[in-house]
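The values are calculated or read from the model by the stated rules, or taken from the named source; none is laboratory data. Just so it is clear, the model here is predicted, and its values are computed rather than measured. Note that each Cβ is placed from the backbone with ideal geometry, even for glycine, and that neighbours are counted across all protein chains shown. Ligands, DNA and RNA are stripped out before the accessible areas are found, and what is left, the full protein with its side chains, is counted by its heavy atoms. Shrake-Rupley method; radii C 1.70, N 1.55, O 1.52, S 1.80 Å.
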Amino acid sequence: KNGHAMTPENTYTHPTQHSRACRICLRAAHKKWEGTPSGIRKRKELDLKDLGWTLERFDALSAAQDGHCALCGEVEIGRWGTLHADHDHDTNQPRELLCSSCNSGLGMFRDNSALLILAAQYLRKYGK
């Protein structure tokens, strides 16, 4: 259709519908779809599922937090134009929504509250 050769290496055959399509055209169409509101929402839903979240839980908590980080209270635009879904890395249980700085900070301290207390004491030692 777009001048791409329908070679065996470049042809995708749907496993159940037995339709054929050019892989290059399929990738281009998928990339275009990912930029649409429905594509962005679907990507968000899949990413949240990996973190033990549902889209409904995310939306409800986002409304309840009014766009503010549960830790520092700042408003931030993240990957999806919203805050980040925090979760316990050991149990995969969802927690709350955090800005990228707080989310990354907890991750860097390996969700270890004792280490965070030591870090706070260290900062106080130097007047911060």
Worksheet item: Can you pull out the residues in segment 26-56 that are under 20 Å from ASP111 (Cβ atoms) and assigned to a helix (DSSP H, G or I)?
Response: ASP47, LEU48, ASP50
Worksheet, complete the sentence: Residue hits (segment 1-25; surrounded by 12 or more Cβ atoms within 10 Å (Cβ to Cβ), of a type outside the set (D, E, K, R) and not in a loop (DSSP other than H, G, I, E, B)) are THR11, TYR12, ALA21, CYS22, ILE24, CYS25
Response to the item:
Across (1) modelled with pLDDT under 85; (2) under 15 Å from SER100 (Cβ atoms); (3) open to solvent by 50 Å² or more (accessible area, probe 1.4 Å), ARG41 clears everything bar (2)
Worksheet item: Does THR36 meet the test of being of a type in the set (Val, Ile, Thr), farther than 26 Å from LEU98 by Cβ and either modelled with pLDDT of 85 or more or exposed (fewer than 10 other Cβ atoms within 10 Å of the Cβ) (or both)?
Response: no
Worksheet item: Scanning segment 71-110 for residues that are open to solvent by less than 90 Å² (accessible area, probe 1.4 Å) and polar (S, T, N, Q), which turns out modelled with the lowest pLDDT?
Response: THR82
